[in-house]
4 protein chains.
Amino acid sequence: MDKHTDFIDEIIIEDEINKNFVKKIKTYKKRIQTTYINVINKSSKFNIDKGEYVALSFLDINETYTKNALERLLTYNLMYYFQKYLTNKENKILVVGLGNRNIIADALGPSVVNHIDVNNHLNITKTKLAALSLGVMAQTGIETSDILTSITKEFKPDLVILIDALATKSMKRINRAIQLNDVSISPGSGVGNFRKIINLKSLNAPLISIGVATVLEAYSLIYDTLNYLLDNNILSNININKLTSEILPLENNYFVTPKSIDEDIEILANVIARAINKASKEWENEKVFH
Amino acid sequence: MDKHTDFIDEIIIEDEINKNFVKKIKTYKKRIQTTYINVINKSSKFNIDKGEYVALSFLDINETYTKNALERLLTYNLMYYFQKYLTNKENKILVVGLGNRNIIADALGPSVVNHIDVNNHLNITKTKLAALSLGVMAQTGIETSDILTSITKEFKPDLVILIDALATKSMKRINRAIQLNDVSISPGSGVGNFRKIINLKSLNAPLISIGVATVLEAYSLIYDTLNYLLDNNILSNININKLTSEILPLENNYFVTPKSIDEDIEILANVIARAINKASKEWENEKVFH
Amino acid sequence: MDKHTDFIDEIIIEDEINKNFVKKIKTYKKRIQTTYINVINKSSKFNIDKGEYVALSFLDINETYTKNALERLLTYNLMYYFQKYLTNKENKILVVGLGNRNIIADALGPSVVNHIDVNNHLNITKTKLAALSLGVMAQTGIETSDILTSITKEFKPDLVILIDALATKSMKRINRAIQLNDVSISPGSGVGNFRKIINLKSLNAPLISIGVATVLEAYSLIYDTLNYLLDNNILSNININKLTSEILPLENNYFVTPKSIDEDIEILANVIARAINKASKEWENEKVFH
Amino acid sequence: MDKHTDFIDEIIIEDEINKNFVKKIKTYKKRIQTTYINVINKSSKFNIDKGEYVALSFLDINETYTKNALERLLTYNLMYYFQKYLTNKENKILVVGLGNRNIIADALGPSVVNHIDVNNHLNITKTKLAALSLGVMAQTGIETSDILTSITKEFKPDLVILIDALATKSMKRINRAIQLNDVSISPGSGVGNFRKIINLKSLNAPLISIGVATVLEAYSLIYDTLNYLLDNNILSNININKLTSEILPLENNYFVTPKSIDEDIEILANVIARAINKASKEWENEKVFH
């Protein structure tokens, strides 16, 4: 049992940058650090597919300056992807909120969808937005990726944006890290069990995934505790994975989340929705670069 | 402009029963009246398709006796349809909640879905339940019937149950009438605008529609007022349709609903969900008849 | 039975302006009309207490320009009241959301409360905000005004802001009119039954009431219909009140609301909450006038 | 830093039963274990006040048999307290849901309140129910116990029932333990920070508290991990409290909860509300004993 993470910057560390990866780090006014990782060749070692990954990390989403800066950076990065995938003609973007709206730590996707300026049915803009929340398998009885595949097959969006709450490896990153990529997303990696991956192949359409670290698996907390004991020479000679599984058997599904989760999710969902709305209106105005 | 209704018993009156319609009325302990209408030949006059319609009407859903009786009658009628359409093999039933969960008068469908004992993914029963709430076009930007067609094409359910809040012609029937049929449903006929009809052809699967009268179009109230004046000889010689349109232009979308709508919807959604759950477990136990 | 309204500008018409009333109308960039009515002496005829009333009316809250202008005007008028009632010392403002959060047309008050930047417990600002949603009597079994009186007796706020969804006389004003006053509010005049009035005497603290027209009583729609017939000489010689009561008996509680009520309430609640948050931070910066 | 618990059966172990405590354990059909602890003299050592405590523990609330048995046992125990505190005259019971409705793990109290058959305002029963959800200090800016004290001072209930989500010491007890007592409750001990205790003195009315273990503090999980290492001789010679604080500084507020928390809370809130509704109707019918 390894600690699960969906965040590429938790996996790829400095000395692994080589011909397969291009990594660039920028810091925005000391508030937000942006890590760009361009995966040129698929990495079997890290189980990472080819594509452009952007990881944003920040300290306090409640601070107005950070909130506004994050909205600008997200808009900028979304415009980058829109310019990569959309054409000069009419475009349909399908925004999909993954996750369970009844558990606030998992409700990021449905909350973003609530704030999208849906206009696909109105026929007034060139870039059209449609939006769906599909629930989780425990609610629907159907694999979310199967529902989504059916819909994209008929709706034929030019781009799909998938938003989900994700698990992080580190408690310090909860509600402090957002990852964008144009590769894939694993629904249910936040709260819920891991489900079928969603990618270009399953959607038959280009995609952008937006994942926010909102929870930590409970076993990661135990793993971290054991790691701390090793690092500080309080303990030695243990098999961390084995011991973690002894303390918390795998079939037990628990997650760790901060007590301010309701306020954090509301802010994050608003910021992401505003960035999507804005990028959809402005992506043709100005050429952006990574 | 005619007053819109989705309730067959508001359309077909006694003297129209003939070779095309078979009508039967039963009363259950003075509390619930059941009207069975078997449409043998499609009626162009009334725009009614061939199929079996059941209309249940009752006075007070808050009364425990009525609530329990309604649950039994709904279970019984659902078992009838299940026996008509399901086979001896494994069956997948897809329960679809139509309507907008944010407006309580329109939230009946999503509320029923919340209470369905979803088990399609568990593989423990012969008759499997899956459940979806798809939102309304103002939220998603996509025709609900199009989303549903995509999903049924891939999921291939043996039966689809569609639940929606409907408009009634008469204020007295709000939250006091449920209609079942195996023909079709028009999503958005409650709150929202009329959308594409959903039927066997669009779903490519048999269906049961369950509609509850939860609202009255505002123009129906004006129409009724004018009608009252005619009936009581206070007014004569008017064109009701024309006058109603003058008083409330058609582009104005307003609906009338009772002040107890939140409590009524909670009870009705629970009763319907329990009936679906129960019928899915018990439909093979005992042969039922209309 | 007279048509009920809580909006002073629906009651006091031009030719009634005299020594008891001072009325002023301003129009803001053709989008928002502000009517100031200063009631110098209590009017028994209109059942209106002494105080300063401000009625804002606008056409389309979905339009960005109108939304922003409304936020500015509300902030400005709240600052006026704050300067009238708050002192140089520390001040506690208690924001109270009246209404039933489960019925969206009545949920304006609770929605505003959700967006208030509560900081009374943090001790970091001079003007402190506390916020409560108290539910309605059908949910609690207790008169809302009694609960509130108990709380203000102990909490001793310097100012109470009460927000409620109100009934309007005219369908055209639904979600298009906001009234502020420093006099009183009747909770439940929107959805629900009329409850005990809340005023300076019952609160033992100065108050600002913010009411938004979100519904029309169903009987107002019937009354309007009859009135239309009279005005257009289609009907004559009727007793409107008596006839309205015949068509819709008083014990029937129904309300009329637009189909876009969910989106309208979300926008209005955000605008009002932002105005309260801003006015509480900026009321000492600049002297404002009516 | 000691691991916090509100559950008396997690504190008082067998060998401490003496002249101060009377402890009795009953098991109901192998499904539900009831521990009665009668504290005859206040214990300073354990910080436990005089009163009658009942702790119910069970394995699977999703199992129909357990759910029904729990409802019966809760009803029975509530009837016991009602017979202890209510009189032959009219009685007013105030049901108070503590906790934050926006975080499902903390929403037990507000959910129970939603299902209470409120009838204090109707004047049709001898035992009357009123119900309130008061939010948490982060939402209101006011100490919940202060709001409640104000209300009970004026409303003068004969009995107050307080329901809250609580923290447990042991992950195994999450959503598997309910404690009743007639002594006190500490709001916010579940999610949120510890707030002022609510007891007979602050309410000036007898009370029953109903607490359900829905979360574990994140530091309890670390503490348990260290304890496991000690118990299994993997580690020795450590100061658990000190080490736990090093790994997770106290100012970090995180909680652990199961992934099925939404379904669990819905069932538990329904069971508790039904037991309160039933006990209020039937407590005079039959004398019950502990």
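Place a +1 charge on the Cβ of each Lys and Arg in the range A:215-274 and a -1 charge on the Cβ of each Asp and Glu, then give the dipole magnitude about the Cα centre in debye, rounded to the nearest 20.
Computed charge dipole of the range A:215-274: roughly 120 debye.
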Cα extents of chain B along the principal axes, largest first, in whole Å, come to 64, 43, 39
Would you calculate the convex hull of the Cα atoms in the range C:42-134 and tell me its volume per residue in Å³? 158
Whole-Hz couplings from phi, Karplus 6.51/-1.76/1.60, listed for the range A:37-51; x for Gly and Pro: 10, 9, 8, 7, 10, 3, 10, 6, 3, 9, 6, 10, 8, 4, x
Among DSSP beta bridges whose residues both lie in the protein assembly as shown, state the antiparallel percentage, nearest 5. 60
When all protein chains stay in place, what accessible area (Å², nearest 10, 1.4 Å probe) is found for residue A:121? 60
If DNA, RNA and ligands are ignored and the probe is 1.4 Å, what is the ranking of D:118, A:160 by accessible area, most exposed first? D:118, A:160
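Give me the extension gain from residue C:29 to residue C:201: residue separation times 0.36 nm, minus the current Cα-Cα distance, reported in nm with one decimal.
Full-extension gain reported as 58.1 nm.
For C:71, A:217, give the ranking by accessible area with the largest first, probe 1.4 Å.
Correct descending sequence by accessible area is C:71, A:217.
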Using only protein heavy atoms and a 1.4 Å probe, report how much of residue D:154 is accessible, in Å² to the nearest 10. 80
Residue mean of other protein chain beta carbons inside 10 Å, B:104-112: 2
Using θ = phi - 60° and Karplus 6.51 cos²θ - 1.76 cosθ + 1.60, couplings along the range C:111-128 (whole Hz; Gly, Pro as x): 5, 4, 4, 4, 9, 6, 7, 5, 8, 4, 7, 9, 6, 10, 10, 6, 9, 9
Applying a 10 Å radius around every beta-carbon, put D:137-143, C:207-213, B:78-84, A:24-30 in order of their mean neighbour count, most first. C:207-213, D:137-143, B:78-84, A:24-30
Mean ellipticity per residue at 222 nm, deg cm²/dmol - from DSSP H runs of n ≥ 4 across the protein assembly as shown, formula -39500 (n - 2.57): -10000 deg cm²/dmol
Count charges around residue D:231 for me, please; just the other residues with Cβ under 13 Å from its Cβ, Lys/Arg as +1, Asp/Glu as -1. -2
Given the rotation relating D and B, tell me which residue in D puts its Cβ closest to the axis and the distance in Å. D:270, 5
Taking only complete DSSP H runs, can you tell me which helices of chain A stretch 30 Å or more along their own long axis by Cα positions and average at least -1.0 on the Kyte-Doolittle scale? A:64-85, A:261-282
Determine, for each peptide in C:105-113, A:32-40, the mean count of other beta carbons within 10 angstrom over its residues, then list the peptides with the highest first. C:105-113, A:32-40
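Give the average, rounded to an integer, of partner chain Cβ atoms located within 10 angstrom of each Cβ in A:216-222.
4
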Once the whole set of protein chains is in place, how much accessible area is left on residue C:72, using a 1.4 Å probe, in Å² to the nearest 10? 120
Counting sequence-distant residues (5 or more places) and residues on other chains, those with an amide H built under 5 Å from that of residue C:207 are C:160
Taking the Cα centre of chain A as the origin and placing charges on Cβ (Lys, Arg +1; Asp, Glu -1), which of A:261, A:82, A:215 is farthest toward the positive end of the dipole? A:82
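Using a simple charge model, +1 on the beta-carbon of Lys and Arg, -1 on the beta-carbon of Asp and Glu, nothing else, what dipole does chain C show about its Cα centre, in debye to the nearest 20? Numbers along the way, then the final one.
Values: 34 positive and 33 negative charges, 187 e Å.
Dipole magnitude for chain C comes out near 900 debye.
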Under 5 Å, built H, 5+ apart or other chain: amide partners of residue B:127: B:91
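For the range A:42-88, just say rounded, prolate or oblate: build the C-alpha gyration tensor, square-root its eigenvalues into a ≥ b ≥ c, call rounded for a/c under 1.5, and beyond that prolate if a/b exceeds b/c, oblate if not.
In terms of gyration-tensor shape, oblate.
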Tensor-based shape of the range D:153-251 (alpha-carbon gyration tensor, a/c under 1.5 rounded, otherwise prolate or oblate): prolate
Simple Cβ-charge dipole of the protein assembly as shown, Lys/Arg +1 and Asp/Glu -1, about Cα centre, in debye nearest 20: 0
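Longer than 27 Å from Cα to Cα, which of C:26/C:169; B:242/C:169; A:45/A:169; A:153/D:259 are they? Say none if no pair is.
Pairs exceeding 27 Å: A:153/D:259.
Shape of the range D:16-174 from its Cα gyration tensor (a ≥ b ≥ c, root eigenvalues): rounded if a/c is under 1.5, otherwise prolate when a/b > b/c, or oblate?
Values: a/c = 1.35, a/b = 1.30, b/c = 1.03.
The shape class here is rounded.
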Provide an ascending nm list, one decimal, of label-point separations from residue C:228 to the equivalent residue in each further copy; define each label point as 7 Å from Cα along Cα→Cβ. 1.5, 7.0, 7.1
Please arrange D:242, A:92 by accessible surface area, largest first, computed with a 1.4 Å probe and ligands excluded. D:242, A:92
Rg from C-alpha atoms of the range B:237-290, normalised by the globular rule of thumb 2.2 N^0.38 Å, equals 2.10
How large is the Kirkwood hydrodynamic radius of the protein assembly as shown, counting all unique pairs of alpha carbons, in Å? 32.0
Here, residue A:287 and residue D:236, labelled 7 Å along Cα→Cβ, have an inter-label distance in nm of 7.1
How crowded by other chains is C:127-140, given as the mean number of beta carbons from other chains within 10 Å of each beta carbon? 5
Could you check which residue among B:202, B:236, B:245 shows the biggest mean-square fluctuation in a GNM of chain B with a 10 Å Cα cutoff? B:236
I need the inter-copy label distances for residue C:123: point set 7 Å along Cα to C-beta, values in nm with one decimal, smallest first. 4.7, 6.0, 6.3
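The values are calculated or read from the model by the stated rules, or taken from the named source; none is laboratory data. Note that the structure is predicted; figures quoted are calculated from it, not measured. Backbone-built Cβ (ideal geometry, glycine too); neighbour counts: all protein chains shown. Areas reflect the complete protein model, heavy atoms only, side chains present, ligands, DNA and RNA absent. Shrake-Rupley method; radii C 1.70, N 1.55, O 1.52, S 1.80 Å.
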